[in-house]
Amino acid sequence: MQKNHLLVLLAVTLLGVADAARAEISVDQLVEQARIVEGDVAVRDLPRWNGARKILLRDIGLDLDGRFDEFDDVEIVTARSVSEAMQYVSDVDAIIGFCDAELIDAAEKLVWVQIYSAGAESCLSVERVGNGDVLMSNMQKMSSPVIAEHAIAMMLSLARQIPQFVHVMGDEDRQRQDEIVAGMTPIAGKRLLVVGLGGIGTEAARLGAALGMRVSGTRNSSRDGPEFVEYVGLSHELHDLAAQSDVIVNALPLTPDTKDLLDGEFFAAVKPGAIFINVGRGQTVVTAELIAALESGRISGAGLDVTEPEPLPADNPLWQRDDVIITPHVAGRGGELERHAVLLIENLKRYVSGDRLLNVVDPKKGY
């Protein structure tokens, strides 16, 4: 297990991942770079909105010094835990960073919840959010660059057989070393399939194209895609595209439609020897079928930042394989939080003004 973690740390370092130092970015730059869109409804048109009065903020260490100065007319209270937040929540109209059912039920005047994560499924399980009574926005696309880098780090490690070499360090068995060398493959010129061309998927596609890969992708409802993606297929084309691809990066969100989508039928359709990377959601993949695909050689290697179940039990066979890299759902860590802070302050400005928010989650879609 420790070797797998070491592998990815090494690979990420070799890719030159940026450090977490604050790098200034304007909201206009962020919207353009991340392709962020506004919600359909202005906050002023929501039933309970009557101007911003009191906002509860979860303190997670974002660099917000001086950024609240323009909100003098709004009371902003901070808390580090749900228990601490409960003492403030009765009269708040917005909650930032918490999505606890008991907390939200206690906030009778609540209009808006802003979560710090991109994944929305947990918050959508809270009744008032899931039924649309409370508007929710998320941090979709804010960690996309660093998650994409993590995916590419895993891909390169597997293509160059680094996990296998780590397992034979100090071993003088030349035959085994030669076998590993024979399995090494270049990435340039290979076809990359990105399953889910959202924020993370688009960044992974961009990096893959920069490495000389031919990139295709899938989207749920349109064929629109950036110029570095050669072909954008719809959901029903997934198996056909998988059959043509040397590397598959799963960047799907978890929705009723994507749960267990990558199952035995999917793995039977993939090109023999393909590399599989998952930086989306663990529950989109049927773990037993992934293991079977690895055992049969259908999948030559897998990089998993998310698993089902999560955390993965110590006795799961995936831990014993030297063609698998596992990291504990940390692909979004180690990136710049400045993007999160910029989006948060922009949404706060829009909320105070009663305008449309950015990154609004559609409860029906699940993202």
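Karplus-based coupling profile of segment 160-172, in residue order and whole Hz: 8, 6, 4, x, 5, 5, 4, 6, 10, 4, x, 8, 8, with θ = phi - 60° in 6.51 cos²θ - 1.76 cosθ + 1.60 and x standing for Gly or Pro. If you work out percent of Cα pairs over 41 Å apart from the coordinates, which of (i) 32; (ii) 17; (iii) 14 do you get? Label of the calculated value: (ii). Largest GNM mean-square fluctuation among Ala182, Ala288, Ala274, using the chain with Cα springs under 10 Å: Ala182. Ordering Ile147, Leu135, Ala106 by the projection of their Cα atoms onto the charge dipole of segment 65-176, which places +1 on the Cβ of Lys and Arg and -1 on the Cβ of Asp and Glu, puts Ile147 at the extreme positive end.
Counting only GluC sites (Glu not before Pro) that sit in a DSSP loop (anything but H, G, I, E, B) with at most 14 other Cβ atoms within 10 Å, what is the longest stretch of the chain containing none of them?
Between the exposed loop sites, the longest stretch runs 228-367.
Measuring nothing but how far apart in sequence close Cα pairs (under 8 Å, 6+ apart) lie, relative to its length, the chain scores a relative contact order of 22 percent.
Over 31 Å between C-alpha atoms is what I'm after, so list which of Lys271/Lys364; Lys190/Lys259; Lys141/Lys349; Lys54/Lys259 land there. Lys271/Lys364; Lys54/Lys259, as the Cα separations exceed 31 Å there. Restricting to Cα pairs below 8 Å that are 6+ residues apart, what does the relative contact order work out to for segment 67-191? Please round to a whole percent. Once normalised by length, the contact order is 15 percent.
Can you figure out the FRET efficiency of His239 with Glu295, using R₀ = 22 Å and their beta-carbon distance, to the nearest 0.05? Working from the Cβ atoms, E equals 0.60. For segment 190-244, the relative contact order works out to 34 percent when only alpha carbon pairs closer than 8 Å and six or more residues apart are counted. Helical runs assigned H by DSSP (4 residues or longer) give the chain a calculated mean residue ellipticity at 222 nm of -9000 deg cm²/dmol, each run adding -39500 (n - 2.57) before division by the residue total.
Annotation: the residues Ile200, Ile299, Ile187, sorted from fewest to most other C-beta atoms within 10 Å of their own C-beta, follow the order Ile187, Ile299, Ile200. Database remark: amide H of Lys190 closer than 5 angstrom to the amide H of Arg214 (H placed geometrically; neighbours at sequence offset of 5 or more, or on other chains; Pro and chain starts carry no H). For the chain, the dipole from Cβ point charges (+1 on Lys and Arg, -1 on Asp and Glu) about the Cα centre works out to 640 debye, to the nearest 20. If one takes the longest principal axis of the Cα atoms in the chain, at what angle in degrees, from 0 to 90 and to the nearest 10, does the Cα axis of helix 199-210 lie? With rounding to tens, the tilt is 40 degrees. Projecting the Cα atoms of Tyr231, Ala52, Val285 onto the charge dipole of the chain (Cβ charges, centred on the Cα centre) puts Tyr231 farthest toward the positive pole.
Against the longest principal axis of the chain, how steep is helix 287-296, in degrees 0 to 90 to the nearest 10, with axes from Cα atoms? Around 20 degrees separate the two axes. Along segment 331-340 the Karplus relation, 6.51 cos²θ - 1.76 cosθ + 1.60 evaluated at θ = phi - 60°, assigns HN-Hα couplings of 4, x, 8, x, x, 7, 7, 4, 4, 4 Hz to successive residues, with x for each Gly and Pro. Could you tell me how far the Cα centroid of segment 243-316 sits from the Cα centroid of segment 80-123, in Å? Here the answer is 33 Å between Cα centres.
Between Asp173 and Asn50, 0.36 nm times their residue separation minus their Cα-Cα distance comes to what? If you can, show how the numbers build up before the last one.
Numbers: separation 123, 0.36 × 123 = 44.28 nm, distance 7.32 nm.
So the chain would gain 37.0 nm between Asp173 and Asn50.
Amide H contacts of Val324 (H built 1.01 Å from N, in plane; Pro and chain starts excluded): Ala302 sit under 5 Å, all sequence-distant by 5 or more or on other chains. Each of Phe71, Leu261, Ala341 was scored by the projection of its Cα onto the charge dipole of the chain, and the greatest displacement toward the positive side belongs to Leu261; charges sit on the C-beta of Lys, Arg, Asp and Glu.
Measure nothing but the geometry: give the 0 to 90° angle between the long axis through the Cα atoms of 144-159 and the longest principal axis through the Cα atoms of the chain, rounded to 10°. Rounded to the nearest ten degrees, it is 10. Per-residue 3J(HN,Hα) values for segment 85-98, derived from phi via the Karplus relation 6.51 cos²θ - 1.76 cosθ + 1.60 with θ = phi - 60°, read 5, 4, 6, 10, 7, 4, 10, 7, 10, 8, 10, 10, x, 10 Hz in sequence order (x marks Gly and Pro).
Read-outs throughout are calculated quantities, based only on the coordinates presented, and are distinct from any laboratory measurement. As the structure is a computational prediction, the values presented were derived from the model and not from experiment. Neighbour counts are summed over all protein chains in view; Cβ atoms, including those assigned to glycine, are modelled from backbone coordinates with ideal geometry.
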